[in-house]
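Read-outs throughout are calculated quantities, based only on the coordinates presented, and are distinct from any laboratory measurement. These numbers were taken from a predicted model, which means no experiment stands behind them. All Cβ positions, glycine included, derive from the backbone under ideal geometry; neighbour counts span all protein chains shown.
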Amino acid sequence: MIKTVLFPVAGQGTRLLPATKSIPKELLPIYDTPAIQFGINEAIEAGAERLVFITHPEKDSILKYLAHDIDAIETLRRKGKTALADTLDATGVPAGVEVALVLQTERLGLGHAIMLGANHVLDGPVGVILPDDVILGASCLSEMAQGYSGGHMIAAMEVPEDEVSKYGVFDPMGERMGRMQRSSGIVEKPSPEEAPSRLAAVGRYILDPSIFRVLKKIPKGAGGEYQLTDAIAQSAEVVGLTAYHFTGTRYDTGNHEGLLQAAQERRRLLQD
Ligand code: G1P
């Protein structure tokens with residue numbers, strides 16, 4: 001049902017400097033496996049037919065990780081801005097699953113990155129995986145896809161009050177039904193005083209394709225960037241928004257502590 005999954009991977013990884021001067025955060029190993037591969041595996045498990053990576057031209061090694069064919073990388077470079085490469089053979093991606101690359105030359109935010117994917121999606125709802133949110137345990141996107149019945153759905157977890165300002169935060173509406181919580185809106189990185197709840201968005205989304213039209217019109221938001229959260233909030237009233245309480249454990253591998261904890265859990269899971 002989720003034919004396309006978008007992977008925004010153009011970020012600079014400033015919290016992991018100096019390693020990320022030359023190694024994209026998405027390729028740092030979680031014990032034995034690059035972080036990005038966990039996201040790829042999740043997309044495949046959820047039945048994706050096409051994986052679209054939105055990346056920055058400086059992040060050569062992501063292109064190398066995904067592509068065996070160096071000529072294809074050169075073609076992409078020559079085409080420049082936001083070009084879609086020919087379907088490439090990919091590392092860790094089974095035959096029959098397409099890999100497409102889009103270049104985000106300006107870092108204007110997650111909303112901008114997702115908008116660049118618009119021309120490359122297959123029909124139906126669109127998955128988004130932020131691969132530095134590594135989720136171990138049950139495959140998050142698959143369980144979301146099973147519960148999905150339309151509109152926008154985002155993975156969700158409760159966070160302490162002093163951490164709400166790091167996340168998109170849901171405005172829940174009515175009773176929680178099993179793992180699903182209907183929400184009337186979502187706010188990007190609110191202060192604890194402004195936050196509508198402590199239910200935070202995690203980097204897994206299933207989006208109604210109407211999101212692309214909304215993304216074209218939103219103004220810059222938190223941090224002076226085009227925020228995906230703002231577009232979702234705007235269209236929540238029209239298509240509906242569900243927060244999904246996932247079963248796995250999420251690690252923010254964009255910082256040192258999360259990277260270490262994810263590696264320890266990965267090692268434990270391999271030894272079980
Ligand atoms: C992004 C989203 C935010 C979400 C978070 C999850 O923020 O904008 O809504 O809660 O991912 O990791 P970022 O961490 O890229 O600043």
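Any chance segment 216-233 includes a residue that's more than 14 Å from the ligand (Cβ to nearest atom) and among the small types (Gly, Ala, Ser)?
Within segment 216-233, none of the residues are more than 14 Å from the ligand (Cβ to nearest atom) and among the small types (Gly, Ala, Ser).
Going by what's in this entry, would Val102 be described as under 19 Å from the mean Cα position of the chain (by Cα), more than 14 Å from the ligand (Cβ to nearest atom) and farther than 17 Å from Asp230 by Cβ?
Working: under 19 Å from the mean Cα position of the chain (by Cα): yes; more than 14 Å from the ligand (Cβ to nearest atom): yes; farther than 17 Å from Asp230 by Cβ: yes.
Yes; evaluated as a whole, the condition is true for this residue.
For segment 158-201, which positions are surrounded by fewer than 23 Cβ atoms within 10 Å (Cβ to Cβ) and in contact (Cβ under 8 Å) with a residue 60 or more places away in the chain?
Pro172, Arg176, Arg179, Met180, Gln181, Arg182
Is it the case that segment 220-234 has a residue that's of a type in the set (Asp, Glu) and either touching a Lys or Arg at 6+ places or on another chain (Cβ under 6 Å) or assigned to a loop (DSSP other than H, G, I, E, B) (or both)? Write out each step before concluding.
Of all residues in segment 220-234, those of a type in the set (Asp, Glu) come to 225, 230.
Filter again for either touching a Lys or Arg at 6+ places or on another chain (Cβ under 6 Å) or assigned to a loop (DSSP other than H, G, I, E, B) (or both), leaving 225.
Yes: segment 220-234 contains one or more residues that are of a type in the set (Asp, Glu) and either touching a Lys or Arg at 6+ places or on another chain (Cβ under 6 Å) or assigned to a loop (DSSP other than H, G, I, E, B) (or both).
Please determine whether any residue of segment 207-214 is in a loop (DSSP other than H, G, I, E, B), small (Gly, Ala, Ser) and within 10 Å of the ligand (Cβ to nearest atom). Let's see the steps before the verdict.
Initially, segment 207-214 is screened for residues in a loop (DSSP other than H, G, I, E, B), giving 208-210.
Checking which are small (Gly, Ala, Ser) leaves us with 210.
Filter again for within 10 Å of the ligand (Cβ to nearest atom), leaving none.
Checking segment 207-214: not a single residue is in a loop (DSSP other than H, G, I, E, B), small (Gly, Ala, Ser) and within 10 Å of the ligand (Cβ to nearest atom).
If a residue has to be in a loop (DSSP other than H, G, I, E, B), farther than 15 Å from Thr249 by Cβ and away from the ligand (no atom under 16 Å from the Cβ) to count, how many in segment 126-152 make the cut?
The number of residues fulfilling the criteria is 4.
Sort out which residues of segment 36-58 are among the acidic types (Asp, Glu) and touching a residue at least 60 places away in the same chain (Cβ under 8 Å), and write them in order of number. Before the answer, list the steps.
Just the residues of segment 36-58 that are among the acidic types (Asp, Glu), to begin with: 42, 45, 49, 58.
Glu42, Glu45, Glu49 - these are the residues of segment 36-58 that are among the acidic types (Asp, Glu) and touching a residue at least 60 places away in the same chain (Cβ under 8 Å).
Can you pull out the residues in segment 7-51 that are in contact with a Leu (Cβ under 8 Å, 6 or more places away or on another chain) and basic (Lys, Arg)?
Lys25, Arg50
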